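Chemist: Take a look at this one; I'll ask things after.
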Amino acid sequence: MIPFTGKCHMRQLVKNKPQPVGLKNFVVTTSEGLMVDFEIYFGNNPALLHPLGRGPGVVLRLSQSIPPGSCIFFDRLFTTIPLLEELKNRGYHGTGTIMANRVPNRQQLSFKEDKKMSRGEVDQRISDDIVLVKWKDSKAVLVASNCTGGTGIDKVQRYEKKEKHYVDVDAPKIVTSYNAFMGGVDVLDQSMEYYRTFMMTRKWTLKVILHFIDLAIVNSWRQYRNEMLANNTPKSFRFEVAETVLNTPSRERHESSPEVEPQEQPLVRYRPANDPSVGKRYDGFDHFPIFDDLKAPRTCRLEKCKSRSKLRCRKCDIYLCLNRDKDCFYIYYNK
Ligand SMILES: [Zn+2]
Ligand SMILES: [Zn+2]
């Protein structure tokens with residue numbers, strides 16, 4: 001959900017979400033929570049109507065962003081039998097919980113009644129290449145798939161109120177893998193709430209832009225973390241991104257104002273600026289030199305250079321040599 005409580009014809013209310021009111025955004029993520037594609041819910045937009053229905057239409061459109069052969073998991077809002085068949089035709093594996101009223105020929109399939117099933121019991125039917133598994137936990141759930149069946153049995157832990165301890169309950173593999181792989185969306189939702197950018201605004205467009213900036217940061221952080229798992233991830237990834245993207249020195253410069261007499265100006269001790277982050281240093285953008293009118297030149301920032309310079313990078317606020325003999329400016333930003 002993109003939180004927004006102001007006026008907008010696309011606003012929705014979805015209960016059980018950390019941000020229940022706002023614009024609905026359908027996402028496809030990897031099982032670990034990396035977003036691959038999205039689609040904002042537009043209400044009854046005739047252009048987005050799909051012969052298989054609204055939910056299946058979203059799944060089929062978003063599935064175009066993932067390679068065939070992938071296993072896609074979706075919840076009961078989306079699952080229909082025709083959707084699973086269409087995914088199979090397109091070369092995708094699909095699994096999802098399904099509402100009982102969306103199962104055709106329910107009578108012929110004749111699942112066991114909920115009441116007659118004991119906890120952990122599995123009832124499986126196959127109809128036209130689609131596997132339907134009914135499993136009783138505290139309530140009965142129905143899972144449909146075009147790739148896996150309910151033959152493998154795992155154990156899940158459930159708290160038994162009467163006996164006041166955890167017990168192992170049999171669960172078909174299809175249910176345990178559904179739970180494991182569906183988690184990606186929750187992981188993404190959760191990471192979004194950690195550092196959501198807040199702005200008081202009545203413009204839903206602005207909220208959407210902010211949401212997607214946050215999403216881009218969360219997503220890039222996840223990819224970055226995957227690459228860096230062996231090393232230590234910097235704790236302030238968001239800060240580092242901001243520092244790199246900002247096109248100004250990381251602190252204010254004490255400029256001496258010309259109106260005040262030099263004697264009256266407070267004596268500010270020069271403190272060298274911090275090194276720019278690696279991202280900022282090599283972004284190849286806007287590092288322009290300016291010549292400072294200084295009494296004494298300042299130490300060149302290039303590693304191993306012992307010279308001094310009056311030439312400063314406007315963006316990073318650091319001094320680097322640039323003269324007939326030395327081009328530390330170029331070397332610093334390119335090597
Ligand atoms: Zn610079
Ligand atoms: Zn130098």
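Chemist: Which members of segment 319-335 meet the condition of being more than 11 Å from ligand 1 (Cβ to nearest atom) and part of a loop (DSSP other than H, G, I, E, B)?
Modeler: Of everything in segment 319-335, those that are more than 11 Å from ligand 1 (Cβ to nearest atom) and part of a loop (DSSP other than H, G, I, E, B) turn out to be 321, 322, 323, 324, 325, 326, 327, 335.
Condition check ((1) surrounded by fewer than 11 Cβ atoms within 10 Å (Cβ to Cβ); (2) assigned by TED's automatic domain parsing to the domain that holds residue 26; (3) among the polar types (S, T, N, Q); (4) at pLDDT below 80) across all residues:
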residue	(1), (2), (3), (4)
219	no, yes, yes, no
233	no, no, yes, yes
239	no, no, no, yes
260	yes, no, no, yes
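Chemist: Here's a follow-up. Tell me the strands (runs of 3 or more DSSP E) entirely within segment 1-75 that contain at least 3 residues that are outside the structural domain of residue 86 (by TED's automatic domain parsing) and modelled with pLDDT under 85. Before the answer, list the steps.
Modeler: Details: elements: 11-13, 21-23, 25-29, 35-40, 71-74.
Where strands (runs of 3 or more DSSP E) fall fully within segment 1-75, none carries at least 3 residues being outside the structural domain of residue 86 (by TED's automatic domain parsing) and modelled with pLDDT under 85.
Chemist: Let me ask you something else. For segment 97-120, state whether one or more residues are among the β-branched types (Val, Ile, Thr) and under 32 Å from the mean Cα position of the chain (by Cα).
Modeler: Residues of segment 97-120 among the β-branched types (Val, Ile, Thr): 97-98, 103.
Now narrow it down to the ones that are under 32 Å from the mean Cα position of the chain (by Cα): 97-98.
So far as segment 97-120 goes, yes, one or more of its residues are among the β-branched types (Val, Ile, Thr) and under 32 Å from the mean Cα position of the chain (by Cα).
Chemist: Let me ask something else. In the list 166, 194, 159, 178, which residue meets the criterion of being within 19 Å of the chain's Cα centre (by Cα) and aromatic (Phe, Trp, Tyr)? Give the derivation first.
Modeler: Working: 166 fails: within 19 Å of the chain's Cα centre (by Cα); 159 fails: within 19 Å of the chain's Cα centre (by Cα); 178 fails: within 19 Å of the chain's Cα centre (by Cα).
From the options 166, 194, 159, 178, the qualifying one is 194.
Chemist: In segment 90-110, which residue that is at pLDDT below 80 and part of a loop (DSSP other than H, G, I, E, B) is nearest to residue 153 (Cα to Cα)?
Modeler: Of all residues in segment 90-110, those at pLDDT below 80 come to 104-110.
Filter once more, keeping what is part of a loop (DSSP other than H, G, I, E, B): 104-105, 110.
Numbers: 104: 26, 105: 27, 110: 22 Å.
So the residue we want is 110.
Chemist: Just checking, does segment 183-198 include any residue being acidic (Asp, Glu), surrounded by fewer than 13 Cβ atoms within 10 Å (Cβ to Cβ) and in a loop (DSSP other than H, G, I, E, B)?
Modeler: Checked segment 183-198: no residue is acidic (Asp, Glu), surrounded by fewer than 13 Cβ atoms within 10 Å (Cβ to Cβ) and in a loop (DSSP other than H, G, I, E, B).
Chemist: Kindly indicate the residue of segment 126-145 that is part of a strand (DSSP E or B) and modelled with pLDDT under 85 and also surrounded by the fewest Cβ atoms within 10 Å (Cβ to Cβ) among those meeting that condition. Explain how you work it out, then say what you get.
Modeler: Keep residues of segment 126-145 that are part of a strand (DSSP E or B), which gives 126-127, 130-136, 140-145.
Of the ones still in play, those that are also modelled with pLDDT under 85 are 126-127.
On the way: 126: 12, 127: 14.
Looking at residues that are part of a strand (DSSP E or B) and modelled with pLDDT under 85, I get 126.
Chemist: Further, regarding this structure: Go through segment 278-314 and give me each residue that's farther than 16 Å from residue 335 by Cα and in a loop (DSSP other than H, G, I, E, B).
Modeler: Passing the criteria: 286, 288, 292, 293, 294, 295, 296, 297, 306, 307, 310, 314.
Chemist: For the condition within 16 Å of ligand 1 (Cβ to nearest atom), at pLDDT 80 or above and surrounded by fewer than 10 Cβ atoms within 10 Å (Cβ to Cβ), what is the one hit in 284, 279? First the steps, then the outcome.
Modeler: Working: 279 fails: surrounded by fewer than 10 Cβ atoms within 10 Å (Cβ to Cβ).
Exactly one residue qualifies, and that residue is 284.
Chemist: Right, next: Look at segment 246-258 and say how many of its residues are within 16 Å of ligand 1 (Cβ to nearest atom) and either at pLDDT below 65 or surrounded by fewer than 13 Cβ atoms within 10 Å (Cβ to Cβ) (or both).
Modeler: Start the filter on segment 246-258 by keeping residues that are within 16 Å of ligand 1 (Cβ to nearest atom), which leaves 246-251, 253.
Filter once more, so that each one left must be either at pLDDT below 65 or surrounded by fewer than 13 Cβ atoms within 10 Å (Cβ to Cβ) (or both): 246-248, 250-251, 253.
Matching residues across segment 246-258 total 6.
Chemist: Within segment 323-335, count every residue that is within 11 Å of ligand 2 (Cβ to nearest atom) and surrounded by fewer than 17 Cβ atoms within 10 Å (Cβ to Cβ).
Modeler: At the first step, the residues of segment 323-335 found to be within 11 Å of ligand 2 (Cβ to nearest atom) are 323, 325-332.
Checking the rest, the ones that are also surrounded by fewer than 17 Cβ atoms within 10 Å (Cβ to Cβ) come to 323, 325-327, 330-331.
Of the residues in segment 323-335, 6 are within 11 Å of ligand 2 (Cβ to nearest atom) and surrounded by fewer than 17 Cβ atoms within 10 Å (Cβ to Cβ).
Chemist: Oh, and also: Quick check on segment 306-318: of everything there that is within 15 Å of ligand 1 (Cβ to nearest atom) and either free of Cβ contacts under 8 Å to residues at least 40 places away in the same chain or among the basic types (Lys, Arg) (or both), which residue is surrounded by the fewest Cβ atoms within 10 Å (Cβ to Cβ)?
Modeler: Filtering segment 306-318 for residues within 15 Å of ligand 1 (Cβ to nearest atom) gives 309, 311-318.
When the remaining residues are screened for being either free of Cβ contacts under 8 Å to residues at least 40 places away in the same chain or among the basic types (Lys, Arg) (or both), the result is 309, 311-315.
Details: 309: 25, 311: 19, 312: 23, 313: 22, 314: 14, 315: 20.
Of everything passing the filter in segment 306-318, 314 is surrounded by the fewest Cβ atoms within 10 Å (Cβ to Cβ).
The values are calculated or read from the model by the stated rules, or taken from the named source; none is laboratory data. Just so it is clear, the structure is predicted and the values come from calculations on it, not from any experiment. Note that we place each Cβ from the backbone using ideal geometry, even for glycine, and neighbour counts take in every protein chain shown.
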